[in-house]
Amino acid sequence: MAPPKPTLAIGGSPVMGSKNAKVQIFEFSDFQCPFCSKALEPVKQIEQAYGDKVAIVFKQYPLPF
């Protein structure tokens, strides 16, 4: 039995890389969160290493602070 495949839609979200890539990474983040900004460097490294082989999708997730 195969594990269930997650169903997240890119929709109109900003994407780094190709929207048609087989590998999709969804980042749920808040622009105002100081901790979320620490993900920027690893995301850039993934983009540089894999280019259009991966889609990095940003989803706005406002935090309550």
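The numbers here are math on the coordinates, done by the rules we state, and not lab data. Please read all numbers here as calculations on a predicted model, not as lab measurements. Cβ sites come from the backbone with ideal geometry, for glycine too, and all protein chains shown count toward neighbours.
Looking at ALA21, is it out of contact with any Ser or Thr (no Cβ under 6 Å at 6 or more places or on another chain), free of Cβ contacts under 8 Å to residues at least 12 places away in the same chain, assigned to a loop (DSSP other than H, G, I, E, B) and small (Gly, Ala, Ser)? No; evaluated as a whole, the condition is false for this residue. Any residue that is among the small types (Gly, Ala, Ser), in contact (Cβ under 8 Å) with a residue 40 or more places away in the chain and in a loop (DSSP other than H, G, I, E, B) - is there at least one of those in segment 44-62? No: segment 44-62 contains no residue that is among the small types (Gly, Ala, Ser), in contact (Cβ under 8 Å) with a residue 40 or more places away in the chain and in a loop (DSSP other than H, G, I, E, B). Evaluate the following for ALA39: is it in contact with a strand residue (DSSP E or B) (Cβ under 9 Å, 6 or more places away or on another chain) and either on the phi < 0 side of the Ramachandran plot or not charged (D, E, K, R) (or both)? So ALA39 passes the test.
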